[in-house]
Amino acid sequence: MQKRETTTCCIAGGGPAGVMLGYLLARAGVSVTVLEKHKDFFRDFRGDTIHPSTLELMRELGLLEEFLKVPHQEVRSIGGLYGDFAFTVADFSHLPVQCRFIALMPQWDFLNFLTDHSKQFTTFHLRMEHEAVGLLEESGAIKGVRVKTPEGEIEIEADLVIGCDGRHSNVRDSGHFEVINFGVPVDVLWFRISRKPDDSYQALGRIDYGQMLILINRGDYFQAGLIIRKGAFDLVRNAGLPAFRSQLLSVAPFLSERVEEIQHWDQIKLLSVQINRLRKWHKPGLLCLGDAAHAMSPAGGVGINFAVQDAVAAANILTQALRERRVTDDLLAQVQQRREFPVRVVQSAQARIHNVSLNFLGTPKKAKAPWQLRAFTRIPGIRRLLARGVGLGIRPEHIHSPIEKSIVRAMM
């Protein structure tokens with residue numbers, strides 16, 4: 001007989017949305033089980049930008065001071081270099097929050113921090129190496145999940161299943177949701193290259209000689225991303241590593257001999273950029289959040305922060321109903337209604353950014369910044385406006401979900 005467990009809320013996926021939502025629900029006394037298919041959170045080249053909106057949530061939770069002790073870098077403005085024209089597009093120093101910067105922190109550190117705090121609650125259950133592979137359905141409603149574990153398949157019954165298992169979501173596929181895809185004309189090749197203390201550094205990127213390169217300061221190395229045309233990775237690879245290294249030097253000559261650190265193609269990871277969202281995020285007993293509901297592109301580094309915002313909105317709307325075990329489809333619809341507008345606006349902006357980026361690619365000559373860019377960066381207040389859009393987002397969420405007093409006393 002197949003093993004069966006029960007919980008109030010089962011969250012498939014231990015990423016930012018799943019772990020934050022698990023923390024908030026457990027904090028409120030809801031029995032929650034978070035499923036993570038890997039044995040740990042260590043995955044490289046994931047979203048590592050913790051924006052001021054997320055840092056503000058950590059402050060509201062009383063976790064900020066401890067969180068900022070986790071090693072990280074702080075970015076207080078973002079800009080770039082277009083040919084020889086240096087520009088700043090966002091200055092976070094005027095934001096109306098305590099942390100006026102983006103924290104660059106490996107995602108595994110962020111997830112380990114949250115799960116360590118979540119484990120203080122007796123209602124929080126994290127299951128590593130547990131992958132949701134199907135749904136349990138009864139009378140047209142989802143009643144739980146089928147889970148693959150190292151010991152075999154089990155079933156977990158739940159009042160509510162929440163799919164937070166990313167852009168390749170098993171929950172989304174099993175629920176037969178309609179996905180709206182938006183064509184993206186570019187991909188990103190991610191890799192590491194060493195950084196020297198005296199290196200100049202622009203977080204947004206460098207554009208020159210038909211190349212666009214992102215360089216993110218990670219202390220002793222750069223997390224680097226070379227923008228290429230969609231589907232062009234085979235062409236880049238067939239040209240060989242010497243040609244790839246020459247591409248890097250054309251746009252970032254200061255890297256000089258360091259490009260020789262790239263000796264194998266397995267040091268380079270292809271990120272196939274996607275922008276999509278579900279037409280409807282929910283069905284009776286089932287809700288999708290984060291990348292499972294809306295895959296964001298890396299433009300602006302907003303993905304992790306949108307996932308966290310989704311989790312906070314869901315906790316604000318659903319916690320009381322979960323405590324009373326009376327979650328309705330109308331409440332699930334309220335979560336989508338709350339979060340869909342910010343997703344639509346940002347995805348539209350990302351699509352425009354990617355279409356414009358095609359103008360930068362493939363012209364093998366010295367780049368000259370267009371007058372439009374020069375004029376745009378001189379508009380009064382534009383850096384503050386863009387900093388607010390990137391750093392805080394549209395309709396930022398705040399913590400309104402309750403705390404279970406008995407759990408708080410147990411922790412003191």
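The figures follow:
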| read-out | value |
| --- | --- |
| Members of the stretch 113-159 found to be in contact (Cβ under 8 Å) with a residue 12 or more places away in the chain and under 22 Å from the mean Cα position of the chain (by Cα), listed by number | PHE113, LEU114, THR115, HIS117, SER118, LEU126, ARG127, MET128, GLU129, HIS130, GLU131, ALA132 |
| Only listed residue being under 26 Å from the mean Cα position of the chain (by Cα) and either free of Cβ contacts under 8 Å to residues at least 24 places away in the same chain or crowded, with 19+ Cβ neighbours inside 10 Å (or both), chosen from LEU189, LEU249 | LEU189 |
| Any hit, the stretch 61-80, residues being under 30 Å from ALA158 (Cβ atoms) and aromatic (Phe, Trp, Tyr) | yes |
| Checking PHE341 against (1) over 20 Å from PHE87 (Cα atoms); (2) among the aromatic types (Phe, Trp, Tyr); (3) touching a Gly at 6+ places or on another chain (Cβ under 8 Å), the condition it does not meet | (3) |
| Number of positions in the stretch 299-331 that are crowded, with 20+ Cβ neighbours inside 10 Å and at positive phi | 2 |
| Residue count for the stretch 329-372, restricted to those that are without any contact (Cβ under 8 Å) to a residue 24 or more places away in the chain and touching a helix residue (DSSP H, G or I) at 6+ places or on another chain (Cβ under 7 Å) | 2 |
| Wholly within the stretch 167-262, strands (runs of 3 or more DSSP E) carrying at least 1 residues that are closer than 26 Å to LYS368 by Cβ and among the β-branched types (Val, Ile, Thr) | 186-194, 205-208, 211-217, 221-229 |
| Candidates SER357, SER348, SER297 - the one that is in a helix (DSSP H, G or I) and either touching a strand residue (DSSP E or B) at 6+ places or on another chain (Cβ under 7 Å) or of a type in the set (A, V, I, L, M, F, W, C) (or both) | SER357 |
| Any strands (runs of 3 or more DSSP E) falling wholly within the stretch 84-151 and containing at least 3 residues that are in the same structural domain as ASP330 (by TED's automatic domain parsing), at pLDDT below 95 and surrounded by fewer than 17 Cβ atoms within 10 Å (Cβ to Cβ) | none |
| Options ILE275, ILE262; residue that is among the β-branched types (Val, Ile, Thr) and over 25 Å from ILE102 (Cβ atoms) | ILE262 |
| Filtered residues of the stretch 153-182 (kept if crowded, with 22+ Cβ neighbours inside 10 Å and under 15 Å from HIS130 (Cα atoms)) | ILE156, VAL161, ILE162, GLY163, CYS164, ASP165, SER169, ASN170, VAL171 |
| Criterion violated by ASP199 - all others in (1) over 18 Å from VAL75 (Cβ atoms); (2) over 18 Å from the mean Cα position of the chain (by Cα) satisfied | (1) |
| Residue in the stretch 305-314 that is in contact with a His (Cβ under 8 Å, 6 or more places away or on another chain), closer than 26 Å to ILE275 by Cα and not in a helix (DSSP H, G or I) present | no |
| Given (1) assigned to a strand (DSSP E or B); (2) more than 11 Å from GLY13 (Cα to Cα); (3) not small (Gly, Ala, Ser), number of the condition ILE162 does not satisfy | (2) |
| Residue check, GLU261 surrounded by fewer than 23 Cβ atoms within 10 Å (Cβ to Cβ), of a type outside the set (A, V, I, L, M, F, W, C), at pLDDT 95 or above and not assigned by TED's automatic domain parsing to the domain that holds GLU60 | yes |
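Okay, residues lined up against (1) touching a His at 6+ places or on another chain (Cβ under 9 Å); (2) exposed (fewer than 15 other Cβ atoms within 10 Å of the Cβ); (3) of a type in the set (Phe, Trp, Tyr):
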position: GLY13; (1), (2), (3): no, no, no
position: ALA26; (1), (2), (3): yes, no, no
position: HIS38; (1), (2), (3): no, yes, no
position: LYS69; (1), (2), (3): no, yes, no
position: GLN73; (1), (2), (3): no, no, no
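The values are calculated or read from the model by the stated rules, or taken from the named source; none is laboratory data. Just so you know, these numbers come straight off a predicted model, no measurement behind them. As a convention, Cβ positions derive from the backbone with ideal geometry for all residues, glycine included, and neighbour counts pool all protein chains shown.
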